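Here the structure comes first, spelled out in structure tokens, and everything after it is commentary.
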Amino acid sequence: MTAESETGIEPPSELQKRSGAAFDRIVGNSVNTGISAWITATTGSPETGAAIGGMLGPLAEELSFAVRRAVDFQQARGSQLLIEAASSSETSLDDLLDKLVNDPVRLQLLLRSLEVAARATTDYKLSLVANLLATGALATDSAAVDEQLLVVDALGALETPHFRLMLILKHPSPVWWTSPDERKAYRQAWPEARILERDDGLRNVLTALLARLQSLGLARDVSLTASPDPLWELTTFGRLSVNALGEFNRTNHPANPTKE
């Protein structure tokens, strides 16, 4: 029997050889509310804190490593957001932050943008939010800052397929309506079948995409009573948001898959 086993101390695992192994070892061998609370505060997820705090041994150690990696990733995304926003606004990072933290509404815009950036799965989305943050920081009208805050909130809840759908809906309806009244009322309304003609890659997820846009106030169903197919159009807020997408694509990502 070795001295290690007699004292109850296990030999270092391969995981401990990774960066920050001491942290992982502490979490892996500690089941207490303090660790759970720390992880909850760090990740913003009570579920993650409870899951790791309630597990023993190597599994908790491995999970703690994953959580720390996730925190590192979120911090890196936040830094990238601010650097890109400063570049987009053609100002120094210090000047940008001064503009953002010295005004309550702009400060909220910064905080929301950092939240979205921390969870952004694509560089495209992070750069889009950085552009919106820069626009809000430089806006001279407080109403424009409010608009950027709302757009960041909405677009932060969306992914590339939603953007593709919105960029379709921003165009006039492909349907030639029979009566002048219908042409006026439904000039921006897209039947679902015609959406799929434009982008068949959305077929399996179209219902979910439209439901999310509707829940965020970005699109609405304006179906005719006799229409066998729902008709969708962007709301005023949806057009405001999609204009931000379109301008961003033209300026920064002309070859992006969400292009118009």
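The set of residues in the stretch 163-173 being touching a strand residue (DSSP E or B) at 6+ places or on another chain (Cβ under 9 Å) and surrounded by 14 or more Cβ atoms within 10 Å (Cβ to Cβ) consists of LEU165, MET166, ILE168, LEU169, LYS170, SER173. Scanning the stretch 143-150 finds one or more residues that are farther than 18 Å from GLN80 by Cα, surrounded by fewer than 22 Cβ atoms within 10 Å (Cβ to Cβ) and free of Cβ contacts under 8 Å to residues at least 12 places away in the same chain.
Just to be sure, is THR160 within 26 Å of ARG220 (Cβ to Cβ), surrounded by fewer than 21 Cβ atoms within 10 Å (Cβ to Cβ) and either polar (S, T, N, Q) or at pLDDT below 90 (or both)? Answer is yes for this residue. Does VAL116 satisfy the criteria of being surrounded by 21 or more Cβ atoms within 10 Å (Cβ to Cβ) and closer than 17 Å to LEU240 by Cα? No. Residue count for the stretch 113-142 satisfying the condition of being hydroxyl-bearing (Ser, Thr, Tyr) and either assigned to a helix (DSSP H, G or I) or in the same structural domain as SER241 (by TED's automatic domain parsing) (or both): 5. Residues that are surrounded by 18 or more Cβ atoms within 10 Å (Cβ to Cβ) and either in contact with a Lys or Arg (Cβ under 6 Å, 6 or more places away or on another chain) or small (Gly, Ala, Ser) (or both) within the stretch 127-142 comprise SER127, ALA130, ALA134, GLY136, ALA137, ALA139, listed in sequence order. For the structure I just gave you, tell me whether GLN108 is crowded, with 16+ Cβ neighbours inside 10 Å, polar (S, T, N, Q), assigned to a helix (DSSP H, G or I) and not assigned by TED's automatic domain parsing to the domain that holds GLY246. Against the criterion (crowded, with 16+ Cβ neighbours inside 10 Å, polar (S, T, N, Q), assigned to a helix (DSSP H, G or I) and not assigned by TED's automatic domain parsing to the domain that holds GLY246), GLN108 qualifies.
The values are calculated or read from the model by the stated rules, or taken from the named source; none is laboratory data. None of these values were measured; they are calculated from a predicted model. We place every Cβ from the backbone using ideal geometry, glycine too, and count neighbours over all the protein chains shown.
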